[in-house]
1. Read through the list (1) modelled with pLDDT of 75 or more; (2) under 22 Å from residue 214 (Cβ atoms); (3) surrounded by fewer than 21 Cβ atoms within 10 Å (Cβ to Cβ); (4) out of contact with any Phe, Trp or Tyr (no Cβ under 6 Å at 6 or more places or on another chain), then give the number of the only condition that residue 389 fails.
2. Every residue in the stretch 54-70 that is in a helix (DSSP H, G or I) and either polar (S, T, N, Q) or touching a residue at least 24 places away in the same chain (Cβ under 8 Å) (or both), please.
3. Pick from the stretch 198-211 the residues that are under 25 Å from the mean Cα position of the chain (by Cα) and surrounded by 21 or more Cβ atoms within 10 Å (Cβ to Cβ): which of them is farthest from residue 419 (Cα to Cα)?
4. Could you tell me which residue of the stretch 1-32 is modelled with the lowest pLDDT, considering only residues that are assigned to a loop (DSSP other than H, G, I, E, B) and in contact with a Lys or Arg (Cβ under 8 Å, 6 or more places away or on another chain)?
5. Quick check, is residue 45 hydrophobic (A, V, I, L, M, F, W, C) and at pLDDT 95 or above?
6. Out of the residues in the stretch 126-141 that are within 14 Å of residue 153 (Cα to Cα) and of a type in the set (Val, Ile, Thr), which is farthest from the chain's Cα centre (by Cα)?
7. Restricting the search to the stretch 170-205, which residues are within 22 Å of residue 377 (Cα to Cα) and either at pLDDT 90 or above or hydrophobic (A, V, I, L, M, F, W, C) (or both)?
Amino acid sequence: MTHDRVPEDDELFARTQPHDLDAEQAYLGALCFARHDVRRVHQLLTSGDFYRPAHATIHATAGTLVDRGQPVDPITLTAALQASGALVKVGGASYLHELAQVVPTVANAEHYAERIRDLAQRRALIATGHRIMQSGFDPTAGDPADLAEEAVGLTRDVRDAGRAVEDSPVVDMHDFLTVQDTYDWVIPGLLEHGDRLVLTAGEGGGKSVLLRQIAVATAAGVNPFTIMPSEYGPKKVLVLDCENSEPQNRRHYRPLMNAAANARMPVKRGQIHIDCRPEGVDLTKAVGRSWLMRRVENVMPDLLVIGPIYQLHTGDPSSEDHARRVTTALNEARVTANCAMVMEAHAPHGNGFGPRALRPAGSSLWLRWPEFGFGLRPVEDEKSAEEDRARRLVPWRGLRDDRAFPPFLRGGQRGGWPWVPYTPIDTDIRGYSPTGATA
């Protein structure tokens, strides 16, 4: 029996290995703009993930700068590479400056890193397959069962690709429960850093007004419903209004800023920032994600107010794929700033039978994505609804944690806050309960 040796230059292995130099360049360019987030962005990849050796060298040098607590940019990288004698090998200072100009934001760094990791894993899989095949053709390699077991181990290594060492250890439940958790509040009792809240209502239902009140009150350091001072003080707020113009927003926010001042809790300069983009922004596109991340990275807010949802992409509102890409961009912004996020969404049109649904219109993903989802529904007592603009704050999804959101709101006094909590005389109007109403 003869055993044919697989030639080293076999056509299969002479093919170009999977790679994406554009993605590698874009990632390294994003790394130059990561600033405060540079360590996290750098750790998205290892130097071995790069196809081009020069890129691996640049990444390793950036890691050295990170470990020293130094910034990572074309100037610092040039100096470090020159000191190590590798500057010419990577393309010189001009190439480093070119990388920084490829993608002048960190917004898509994770996307580029994922692409690079996937291709590196494919190359590793090809190399492992080659090694396994060579063993199969080698009559002196040993017992086939042992070779098969070794092949399983090799492919498992490719699957884990070094990630196993990063896995959190499995913890005994008793040890797990010894940790005493505390809330990282943005608004005590309502929202902590990382929370996502989506508010819905029909047209003219008051959701935009409530979002603005939450924004200004948080920046002033008061509870947006009780207007009591927060023990955590004022928080930094970023408003990205993708529906209303600058003049409209000035008319809306000026009375709220005055209300905070009248409550002797004026909003100080630097506590709340706003950018108006009435034409909307498409977060499924790189240019839209970059726009979002530049503003978030510039302000680093504790609370991000953005929306409405239907203005955050230009595709089919019911598309699960579009919604997923939008939430990916929003999550990147939320994680980057470690902020709470408040958004508004339109409720679907009524069908003429029963109360109007309060779930967000569009993809069902919006039902599952936030920690908290509330809708504003007029109180069934017509007199209260007309005279006081009374509303129920109805949860349209199960709350993931106990919070002190008021079940009822009504219009406030002229010159004061637009919405104030209240308790109706009959708290079970027409068979509805404040917390048990369905959306």
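1. (1)
2. Quick first cut of the stretch 54-70, residues in a helix (DSSP H, G or I) only: 54-68.
Scanning the stretch 54-70 gives 54, 55, 57, 58, 59, 61, 62, 64, 66.
3. Taking the stretch 198-211 and keeping what is under 25 Å from the mean Cα position of the chain (by Cα), we get 198-201, 207-211.
The next check asks that each one be surrounded by 21 or more Cβ atoms within 10 Å (Cβ to Cβ); those that pass are 198-201, 207, 210-211.
On the way: 198: 17, 199: 14, 200: 15, 201: 15, 207: 10, 210: 7, 211: 10 Å.
Across the stretch 198-211, the extreme among qualifying residues is 198.
4. Keep residues of the stretch 1-32 that are assigned to a loop (DSSP other than H, G, I, E, B), which gives 1-10, 15-20, 32.
Within this subset, residues satisfying the condition of being in contact with a Lys or Arg (Cβ under 8 Å, 6 or more places away or on another chain) are 17-20.
Details: 17: 90, 18: 93, 19: 95, 20: 95.
Looking at the filtered set, the residue picked out is 17.
5. Working: hydrophobic (A, V, I, L, M, F, W, C): yes; at pLDDT 95 or above: no.
Judged against the criteria, residue 45 is not a match.
6. In this case the residue turns out to be 132.
7. Result: 190, 191, 196, 197, 198, 199, 200, 201.
To keep it simple, each residue is scored yes or no on (1) under 21 Å from residue 364 (Cα atoms); (2) under 16 Å from the mean Cα position of the chain (by Cα); (3) in a loop (DSSP other than H, G, I, E, B).
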site	(1), (2), (3)
310	yes, no, no
326	yes, yes, no
336	no, yes, no
344	yes, no, no
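The values are calculated or read from the model by the stated rules, or taken from the named source; none is laboratory data. Just so you know, these numbers come straight off a predicted model, no measurement behind them. Ideal geometry is used to build each Cβ from the backbone, glycine not excepted, and the neighbour counts take in all protein chains shown.
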